[in-house]
Every structure is written in structure tokens, then in C-alpha cells.
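Here is the structure we will look at.
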Ligand code: FAQ
């Protein structure tokens, strides 16, 4: 399937040279202008965006699995309806994001193939298991909370289609975060067994969520260039710090303890000091060796195979509609 990005005119030899185009491109970004699909852009900018937006789309789609697993076990009809809506929203985010990436000249089939072959990454966080109902609270509160912290600045990303997709995504993530916090609050105000479930979920999800922001700034290979291109507005560590500063008081409100003995408020800066995440674990998870990587990809591959007949039928219907009419009644 060919997409907008590939229907551009070949370069006009009498047009401006690449150096000049690159200067104009950067000047537009520096002036907070937006880059649109048919605008000239450096190949590295296009490739970086395809990588990031596709990874983001894959994360939304794979991210449906840990919570999808709990829809049939939600404790009440209301909880079930809310969780179902949330999981459907994540699927919708994946679709907007695949569409945004397609404007850069990559096909959806290619992106899906890269996910299923294990070539493309998706967020490390979705390789951890959701073991109890309290995990639905922890995922909404912490994972969606971290996702919002990372994605609000992406609403100002220099690439127009990605930035615009993020506006709606962030509104929905905000509902997701609140529904998760509300599950945690209900558990924390319930019996001691329920509160223990909430604490156990926080214990297991805290560090994976802290690592979700990506490697520390000293190890982040793409940050400098991405900041110059205004794809990223804050570094991984800056966003991690903002998330921790916002979340610690919420944990205190819930009466839960964050599993980090090094955590303390620095009164001079107003920021929380926190311990060093286990970066070996992070590297292993993104290499494919996390607790659920193999299961997650196996489920996605099966879903893709199970959906093949639908894609084939849609393609056959499209071919039939495109075929010239013979004028004969069937
Ligand atoms: N997991 O140089 P950097 C959600 C990779 S959506 C796996 O710092 P960059 C909604 C990175 O790709 C969650 N890999 O890279 C939801 C690169 O590898 P590469 C997803 C990671 O791009 C909630 C290498 O490490 N959100 O949760 C991770 O400047 C609940 C070096 O890293 C997005 O995708 C990681 N955590 O910054 C759904 C947001 N971190 O590609 C369902 C958009 C880093 O060279 C339920 N993405 N890596 O092989 C971004 O903002 C950026 O891409 C970062 C990474 C910040 C993730």
C-alpha cells in the first residue's frame, strides 16, 4: 500500500540544494513551525519519526494485552465497562499512530511485519505480567500517568500529524490515569487484604514504570538530535523526575509506600531524589528477555494470523470494486 509520503514529486533539479533546504527546515523548527507530510525533510528526521511513531503505535497495541486479560475478571459490571472502554481506546491510539507514521511513507503492513518479527521495539513496560486486579489500578495510575508525562510534550512535536494525534490521545490517557487511581483509592479504603493487593501492585510496577522513560540521559543515543528537531522537548531524565515528583504525593495520599529506600525530598530543589533503576533489567527486557516478551509477541502473531481472512476478504472486495464493470447482471 502506498501512502501520502510516497506520492511526492521527484526532486526538481532547478530547485534549492539540500543544504539550503536543510537550513530552511531547521529555521522553521526553531521558529516553532510545523513540518507536514509533503514538506522537504532530512532523511534522518523521517527515519527517526517512523521509528518512534511505529514503536509508539506497537506499544499501544501490545499494551492492550495485560489489561485485556482482566476484562472477563473485572469485579463489577461498572469496572468491566470502564476497563473495556480503556482497552478499546488504546487500540484506537495505535490506529491513529499507524496512520501518522504512514504519512511518512511507510506502510502499515511493513510496520506490523517489523513488530511481529521482533525487529521493532515496543515499550518495555508491557513485558511485565498483570497478576491481580490491583494491577489494573497500578497500570492506569502509573503506566498511563507516565505515558501522559511523556506525551503532553509530544503534542508540541515538530511533525504535525504526530503532534495532532497526541492531543486526543492525551485527553483519553488522562481518563485512563484517573480510572486507575480510583481503583487504587477504592482498594486502599477497603479491607487490609485489599490494601495489601494495592501495595503489592505498586511494589511490582514502580521500577518498570520508572524505566519506561528510557535510558538515563548519559546513555540516550537519540536525545540530542531529537531535541534539536523538537521531536523531544524534555530529556528522559527530566520527564522521569517530573513523573516522580507528581506521583510520590499521590502514593502518600493513598497511604502506600514507594519501594525505593533512597527516595527523599530535597527541600532545596523541591525535587525527589530517587535510587538508580536496574538498567541491566531494562536492557534485557528491550532485548526480548523480559518476563512476558515471548507471550506478548505470540499473542500478536496469532491475532494477525486469525485476522488474515478479514484482510483477504477486504482486499478481494476492493479489487472487485476497482475492476471495470462488465455491464452484465450477476
Ligand atoms: N521500551 O535514545 P533513547 C503507553 C529504546 S504508550 C523499549 O532515549 P528515544 C500507553 C529506544 O527506542 C508507551 N525501548 O531513544 C498505554 C532506543 O532504541 P532504538 C510508549 C525503549 O527514542 C498505557 C534506545 O532505547 N510511549 O504507555 C524504551 O530518544 C497503558 C535508546 O533510547 C512511546 O512510545 C522503552 N521504555 O527515546 C497503552 C512514546 N525507552 O529505537 C496501554 C513515544 C527507550 O534506537 C496501557 N516515544 N527505548 O533501537 C518516545 O518518547 C521515545 O521514543 C522514548 C525513547 C522516550 C521512549
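Bear in mind these aren't lab numbers, they're just calculated from the coordinates by the rules spelled out. All of these numbers come straight from a predicted model, not from anything done at the bench. Here the Cβ positions follow ideal geometry from the backbone for every residue, glycine too, while neighbour counts run over all protein chains shown.
As a ratio to 2.2 N^0.38 Å, the alpha-carbon radius of gyration computed for the chain takes the value 1.11. The angle between the Cα long axis of helix 160-188 and the main principal axis of the chain comes to about 20°, on a 0 to 90 degree scale.
With 0.36 nm allotted per residue and the present C-alpha distance subtracted, the residue 280-residue 309 stretch has 6.3 nm of extension available. Going from the residue with the fewest nearby Cβ atoms within 10 Å to the one with the most, 20, 173 rank 20, 173.
Stretched out straight at 0.36 nm per residue, the stretch from residue 193 to residue 108 would grow longer than its current Cα-Cα span by 26.0 nm. Quick one: helix 308-322 against the long Cα principal axis of the chain, what's the angle to the nearest 10°, folded into 0 to 90? Here the helix axis deviates by roughly 30 degrees.
Between 140, 275, 15, the residue with the greatest mean-square fluctuation in the GNM of the chain (Cα pairs under 10 Å linked by springs) is 15. FRET efficiency for the residue 39 to residue 95 pair, using the beta carbon distance and R₀ = 22 Å, is estimated at 0.40.
So what's the projected area for the range 228-330, the Cα convex hull averaged over all directions, in nm²? Don't jump to the answer; show the numbers that get you there.
Details: hull surface 58.7 nm².
Computing the convex hull of the Cα atoms and averaging its projections yields 14.7 nm².
When 281, 102, 276 are arranged by Cβ crowding within 10 Å, least crowded first, meaning fewest neighbours, the order is 276, 281, 102. Residue order for 144, 278, fewest other beta carbons within 10 angstrom first, comes to 278, 144. Compared with the dominant Cα axis of the chain, that is its longest principal axis, helix 192-211 is turned about 50°. Estimated at 0.36 nm per residue, the fully extended path between residue 294 and residue 174 surpasses their Cα-Cα distance by 40.2 nm. Ranked by the mean number of other Cβ atoms within 10 Å per residue, highest first, peptides 148-157, 76-85 order as 148-157, 76-85. For the peptides 121-129, 87-95, residues were scored by their other Cβ atoms within 10 Å and the scores averaged per peptide; the highest-first order is 121-129, 87-95.
Could you calculate the FRET efficiency of residue 263 with residue 200 from 1/(1 + (r/R0)^6), where r is the beta carbon distance between them and R0 is 22 Å, rounded to 0.05?
The formula returns an efficiency of 0.75 here.
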